[in-house]
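For reference, the structure discussed in these notes is given below.
What follows draws every value from the coordinates through simple rules; no lab data is involved. Everything numeric in this text was worked out from a predicted model, so none of it was measured. When we count neighbours, we look across all protein chains shown, and the Cβ atoms used for this are built from the backbone with ideal geometry, even at glycine.
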Amino acid sequence: MEKSRHASREATALKMVRGCLLAASCLLSTFALGNPVEAAAKNPTPPHDARPMTSFELYALYRDKSWQWPAGAGRLQADGRRFTAWSGSGDKASWAEGRWTVNDRGQLCLKAEWHVVSGVFPNTTCFSHRKLGDIIYQKREPAGAWYVFKHATPANDDEFDKLVGQDMVSQNLEQIRSSLPSASKTKAVARTKL
């Protein structure tokens, strides 16, 4: 009986030590490595286990949305994958028409002809997307830097918040289109890529 009491105490003590070790290792790993949300805020480069978003995910994210920019907006319509945009004002005003595409490598591409005072400039701009849990990372190709496009817990500066369902393009596009000289409506200029 004395042995069984002693064995029971040892087993209880061993369980307590294991529990303390587990708790200590969890705390240390949290302090040393941080949680994924905090890591995303500190280092916007996607972790190795972040995966490219699928074409379906990208389509669902961007379809029928306007992407607001500091001096303009782009509209990604589901119908025909039409892309329209406007930017700037006065002599720096421009408008665009084209298409948007997505693929299973996590890319969104905006292929359009941009109309400015001096002519028409074809342009393709692509963005890569990676996802880990509820965090979406984005970078402009080919040489942009990764940033957190959408945090798991919404942040005030999330680019994701600039995607809105309202059409922020059509009215301004028509005003700019009608104000540009006719040369910009017909004259194509050498292909450029931003």
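The table for this structure:
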| quantity | calculated |
| --- | --- |
| Between segment 109-176 and segment 50-95, the alpha-carbon center distance in angstrom | 6 Å |
| For segment 53-122, convex hull of alpha carbons as volume per residue, Å³ | 81 Å³ |
| Extension reserve of the SER179-GLU159 stretch, reckoned as 0.36 nm per residue once the Cα distance is removed | 4.2 nm |
| Potential extension, ASN103-HIS48 segment - 0.36 nm per residue separation minus Cα distance | 17.8 nm |
| In sequence order, calculated HN-Hα J values of segment 98-106 (Karplus, 6.51, -1.76, 1.60; Hz; x Gly/Pro) | x, 9, 10, 10, 9, 9, 7, 9, x |
| Fraction of the pair-distance distribution of segment 82-189 above 22 Å, Cα-Cα pairs, percent | 43 percent |
| Segment 101-159: equivalent-ellipsoid semi-axes (sqrt of 5 x gyration tensor eigenvalues, Cα, Å) | 28, 14, 9 |
| DSSP-assigned coil residues among trypsin sites (Lys or Arg not before Pro) in segment 80-134, each with at most 14 further Cβ atoms within 10 Å | ARG105 |
| Mean separation of Cα contacts under 8 Å, 6 or more apart, over the residue count of segment 60-162: relative contact order % | 14 percent |
| Extension reserve of the LYS111-GLU141 stretch, reckoned as 0.36 nm per residue once the Cα distance is removed | 9.5 nm |
| Derived scalar couplings ³J(HN,Hα) [segment 159-168; Karplus, 6.51 cos²θ - 1.76 cosθ + 1.60; whole Hz; x for Gly, Pro] | 4, 3, 5, 8, 8, 10, x, 6, 6, 9 |
| Rg/Rh ratio calculated on Cα atoms of segment 41-80 (Kirkwood radius) | 1.11 |
